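Quick notes on the structure that follows.
The values are calculated or read from the model by the stated rules, or taken from the named source; none is laboratory data. All of these numbers come straight from a predicted model, not from anything done at the bench. Ideal geometry is used to build each Cβ from the backbone, glycine not excepted, and the neighbour counts take in all protein chains shown. Areas reflect the complete protein model, heavy atoms only, side chains present, ligands, DNA and RNA absent. Shrake-Rupley method; radii C 1.70, N 1.55, O 1.52, S 1.80 Å.
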Amino acid sequence: MKNRVNPKNKEHLSILGFGCMRFSKSESEVEEQIIHAIENGVNYFDTAYIYPNSEVILGRILAKGYRKKVNVATKLPPYLVKKYEDFDKLFYKELQRLQTDYIDYYLMHMLTDLVTWDRLKELGVVQWIDEKKKSGEIRNIGFSYHGGKSEFIKILDAYEWEFCMIQYNYLDENNQAGKSGLKYAASKGLPVMIMEPLRGGKLVNNLPKEVYKTFEAAKVKRSPAEWALKWIWDQPEVTLVLSGMNSMEMLNENMRVASETDVNAFTEVEKTMFDQVKKTLHEKIKVPCTGCNYCMPCPVGVDIPTCLSCYNDIEIEGRIGAFSKYLMQTSLKSEPHNASLCVKCGKCEKHCPQEIKIIEELENVTKKLEGVLYKPIRAVAKRFMKL
Ligand code: SF4
Ligand code: SF4
């Protein structure tokens with residue numbers, strides 16, 4: 001495993017971090033993967049208060065003698081803080097879940113604008129952080145970010161942060177904080193942790209065939225996931241990349257790629273190849289949904305990420321493929337989750353880090369995927385499936 005030096009505190013961090021947002025397998029499998037990762041040099045584990053059961057499981061595993069070998073990153077959900085006492089309430093709950101008495105990297109979760117940070121400041125967050133740093137219960141303080149470029153710079157400049165975490169991948173080079181935000185944070189001497197390196201799997205599965213062809217034509221044969229990870233690690237401003245690895249195979253593959261990667265290693269030909277890939281994808285993808293689920297649940301049951309994903313798949317897989325998927329995933333269920341159920345309450349839009357106009361996009365989904373044949377086909381399929 002390769003390491004990069006945290007420019008702020010000079011500690012060595014593995015360039016591959018273990019994202020603990022979704023543990024999909026049994027706890028024994030998760031334990032096997034986490035221990036395997038630690039034994040192979042992964043020393044950064046990222047969880048959050050709101051990731052279901054994640055802190056508890058990670059805490060149980062690390063308590064078996066691994067806590068001191070790794071850095072634990074977890075996050076405070078700002079929207080649950082209503083008064084000063086809530087900072088401690090949430091933080092000590094996290095320490096209890098994680099079976100530890102300190103957090104190595106503590107983040108304000110999902111800041112999207114300066115307003116949220118200012119609200120936390122009014123509630124006394126700066127004093128609270130000072131206390132926690134003094135007591136050693138927080139070693140490094142940072143934030144994870146999902147807003148636009150200009151607010152990112154404002155938040156960076158609003159406090160003496162010690163690290164930050166941004167969504168970054170070759171398709172989002174100019175979205176959210178983007179490359180300019182990455183460079184700005186690095187110029188301030190901050191380590192930058194990267195999330196969504198494969199954009200929730202979108203840069204691996206169901207890419208347009210032109211993209212696969214472009215990758216296949218490269219001199220060095222690499223999978224789309226490997227290309228995507230290498231694109232990020234090629235950049236010296238990046239400290240580490242988080243990957244949500246939920247199989248041993250994926251973990252081993254990512255560790256292999258991490259061990260073979262270097263900064264500024266891409267050739268001019270490879271850079272040109274990426275320009276072509278980006279151009280193709282930008283032409284095809286309609287809605288920049290990452291499938292993060294922050295907009296869920298919808299009060300009337302619309303499965304927003306699935307609806308948007310099927311909509312994007314029209315260009316990638318064709319109308320029939322996307323329609324079949326849409327039917328199966330949203331409509332052929334005892335409780336339907338299709339786009340036309342939307343009553344336009346607007347609740348979801350407030351939570352979308354990509355600032356997607358969800359209501360408008362769901363209308364587009366309805367137009368494209370719930371045409372005249374939708375209802376009769378759904379009725380026949382439901383009868384056939386005895387739903
Ligand atoms: S706007 Fe539509 S999709 Fe969004 S939460 Fe309301 S009903 Fe659900
Ligand atoms: S619509 Fe926005 S919040 Fe919902 S899954 Fe997509 S990116 Fe996430």
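Relative contact order for the chain using alpha-carbon pairs under 8 Å, separation at least 6, rounded to a whole percent?
14
So, with a 1.4 angstrom probe, what is the percent of accessible area on region 105-228 that is carbon and sulfur?
With neighbouring chains kept in place, the figure for region 105-228 is 53 percent.
Looking at region 111-175 from every direction and averaging, what is the projected area of its Cα convex hull in nm²?
Approximately 4.6 nm², given one-decimal rounding.
Using alpha carbon coordinates only, what is the Rg to Rh ratio of region 133-222, with Rh defined as the Kirkwood radius?
1.12
Which whole-number value in Å² is the accessible area per residue of the chain, probe 1.4 Å?
For the chain, the per-residue accessible area is 45 Å².
When Lys and Arg each count +1 and Asp and Glu each count -1, what net charge do the other residues less than 13 Å away from R119, Cβ to Cβ, add up to?
My count for the surroundings of R119 gives -1.
Lys and Arg at +1, Asp and Glu at -1: add these up for the other residues within a Cβ distance under 12 Å of N6 and post the number.
+1
Restricting attention to the alpha-carbon atoms of region 28-76, what are Rg (one decimal) and Dmax (integer), both in Å?
10.3, 29
Tell me which cysteines of the chain come out unpaired when the rule is another cysteine's Cβ under 4.7 Å.
C20, C164, C289, C292, C298, C307, C310, C342, C345, C352
Please report the spacing between the Cα centers of region 247-318 and region 53-93 in Å, no decimals.
Computed from Cα coordinates, the inter-centre distance equals 29 Å.
Can you give the extra length, in nm with one decimal, that the chain gains between D118 and K350 once fully stretched, where that is 0.36 nm per residue apart less the Cα-Cα distance?
Extra length from D118 to K350 when fully extended: 81.7 nm.
HN-Hα J couplings of region 101-115 from phi, Karplus 6.51/-1.76/1.60, θ = phi - 60°, integer Hz, Gly and Pro as x?
After applying 6.51 cos²θ - 1.76 cosθ + 1.60, I find 10, 7, 10, 6, 10, 10, 10, 6, 7, 6, 5, 10, 7, 5, 4 Hz.
If you find the alpha carbon centre of region 107-149 and of region 323-354, how far apart are they in angstrom?
The two parts, judged by their Cα centres, are 33 Å apart.
Compute the whole-percent fraction of alpha carbon pairs in region 234-363 spaced more than 17 Å apart.
70
Let me have the 222 nm mean residue ellipticity of the chain computed from DSSP H runs of 4+ only, each contributing -39500 (n - 2.57), with the sum over all residues rounded to the nearest 500.
-13000 deg cm²/dmol
Can you give me the long-range amide H partners of K75? Hydrogens built in the peptide plane at 1.01 Å from N, cutoff under 5 Å, separation of 5 or more residues or another chain.
A48, Y49, L107
Could you compute the net charge surrounding E131? Neighbours are other residues with a C-beta less than 10 Å from the C-beta of E131; K and R count +1, D and E count -1.
Neighbour charge sum, excluding E131 itself: 0.
May I ask for the Kirkwood hydrodynamic radius of the chain, worked out over all distinct Cα pairs and given in angstroms to one decimal?
Final number for the Kirkwood radius of the chain is 22.2 Å.
Could you order peptides 74-86, 161-173 by the average number of other Cβ atoms within 10 Å of their residues, highest first?
Highest to lowest by the protection proxy: 161-173, 74-86.
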